[in-house]
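> One structure coming up, written as structure tokens, with questions to follow.
The values are calculated or read from the model by the stated rules, or taken from the named source; none is laboratory data. If you're wondering where the values come from, they're calculated on a predicted model, not measured in any experiment. Cβ: placed from backbone, ideal geometry, glycine included. Neighbour counts: every protein chain shown. Remember, those area values only see protein heavy atoms, side chains included, never the ligands or the DNA or RNA. Shrake-Rupley method; radii C 1.70, N 1.55, O 1.52, S 1.80 Å.
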Amino acid sequence: MKLQQLRYLVEIARHDLNLSATAAGLFTSQPGISKQIKLLEEELGLRVFTRSGKHLTEVTPAGQAVLEVADRILADVATIRRIAEDFKDHRHGTLSIATTHTQARYALPPVIKAFIAKYPEVALHMHQGTPTQISDLAATRQVDFAIATEALELFDNLVMLPCYRWNRSILVPHGHPLTEATPLTLEAVARYPVITYVFGFTGRSQLDQAFQRHGLAPRVVLTAVDADVIKTYVKLGLGVGIIAGMAYDPRTDQDLIPLDAGHLFEPSVTRIGFRKGTFLRGYMYDFIEGFAPHLTRAVVEAAATARSREEAEALFTGFELPTH
């Protein structure tokens, strides 16, 4: 039995039993993967996958048990390597982050700039995607950290740490009637076409819930994953924008007026998550603390060793998160 064979097993399952996609992801040949899987099955004396011709159709019950152990073995191997790397040279390595456009564009730049200045020999890789994609990348160990507002709670194998609270702004052009609304209400906002985030992005669920609680159904005329796109169409006069407050830049958005909407919506919480059991190198703890200063190494270790998500969340009970 070889580690390479176990890696092939896990990657085949990750690619929904698609051997072509697995081979492309691993930069190897499909026949080579098929051969190694057959050799492993012969050694084990059982079928890991059922087949229809040359295609894999499903994981057998025995195969599922083997896959779970193989995933743990590969994780342990990765941990051993990280431990060795940390003791050999704690300032060299890689750090991979999956996040949304809002975090990458507005929250992370100063953090990453400071991190690179401190650790110039650490190669940093950033992946952008939907919150679900981001969470899945961390849950399957394809990235070290996931940073998002939505979807992290859907993955039970992630350690989730609250970083900061944030709320929204209503964006309108100069001279818009909403600038005279005192106080600003959801009823007033709902009278105009709305441009905001795609559902599942950047706290969109809290926005929808707020309107629903007031019996309102705003006319959403355009959605986007990118706050800059939302601002572009607000400038064109197609509607009022609802974006994360941090996404308004007074230097570049001078032709728009941000109206504080903190009293209209529940605040959202951005979290950083990583796979349970992950060995964090020293610079990884530094990155987390640079992004959220209250998440010291001691706090992160306590959350990572908590017996349940409830126990981990209890660490932050009564704690006032910073506001972004």
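> For the chain, what does the helix formula give at 222 nm: sum of -39500 (n - 2.57) over DSSP H segments with n ≥ 4, over the residue count, nearest 500 deg cm²/dmol?
-12000 deg cm²/dmol
> Shifting gears a bit: Share of the chain's accessible area from carbon and sulfur, percent, 1.4 Å?
Whole-percent figure for carbon plus sulfur exposure: 54.
> Also: What FRET efficiency, computed as 1/(1 + (r/R0)^6) with R0 = 25 Å and r the Cβ-Cβ distance, is obtained for GLU311 and GLU153, rounded to the nearest 0.05?
Calculated transfer efficiency: 0.95.
> Follow-up question, since we're still on this one. Which order do the peptides 96-102, 81-87 take when ranked by the mean count of other beta-carbon atoms within 10 Å per residue, highest first?
Descending packing order for the listed peptides: 96-102, 81-87.
> Determine the shape class of the chain: with a ≥ b ≥ c the square roots of the Cα gyration tensor eigenvalues, call it rounded for a/c under 1.5, and otherwise prolate if a/b is greater than b/c, oblate otherwise.
prolate
> In the chain, what percentage of the DSSP-assigned beta bridges are antiparallel, given to the nearest 5?
About 60 percent, rounded to the nearest 5.
> What's the ranking of 255-262, 215-222 by average number of surrounding C-beta atoms within 10 Å, highest first?
Descending packing order for the listed peptides: 255-262, 215-222.
> Please give the per residue accessible area of segment 125-270, computed with a probe of 1.4 Å over protein heavy atoms only, in Å².
44 Å²
> If you don't mind, another one. Report Rg(Cα)/(2.2 N^0.38 Å) for segment 192-265, keeping two decimals.
Relative to the rule-of-thumb radius for its length, segment 192-265 sits at 1.05.
> Counting only other residues whose beta carbon sits under 14 Å from that of LYS54, what net charge do I get with K and R as +1, D and E as -1?
Value of the local net charge: +3.
> If the chain between THR182 and VAL221 were fully stretched, how many nm would it gain, using 0.36 nm times the residue separation less the Cα-Cα distance?
My answer for the length gained is 11.5 nm.
> Just how far, in whole angstrom, is segment 46-106 from segment 139-160 if you go by their alpha carbon centroids?
That distance is 14 Å.
> While we're on this one: Sorted by average packing, counted as other Cβ atoms within 10 angstrom per residue and highest first, what order do 176-184, 148-156 take?
So the peptides 176-184, 148-156, ranked by packing, come out 148-156, 176-184.
> Can you tally the net charge around ILE33? Count Lys and Arg as +1, Asp and Glu as -1, for every other residue whose Cβ sits under 11 Å from the Cβ of ILE33.
So the surrounding residues net to +2.
> Inverting the mean 1/r over all pairs of different Cα atoms, compute the Kirkwood radius of segment 124-233 and quote it in Å.
16.1 Å is the Kirkwood radius here.
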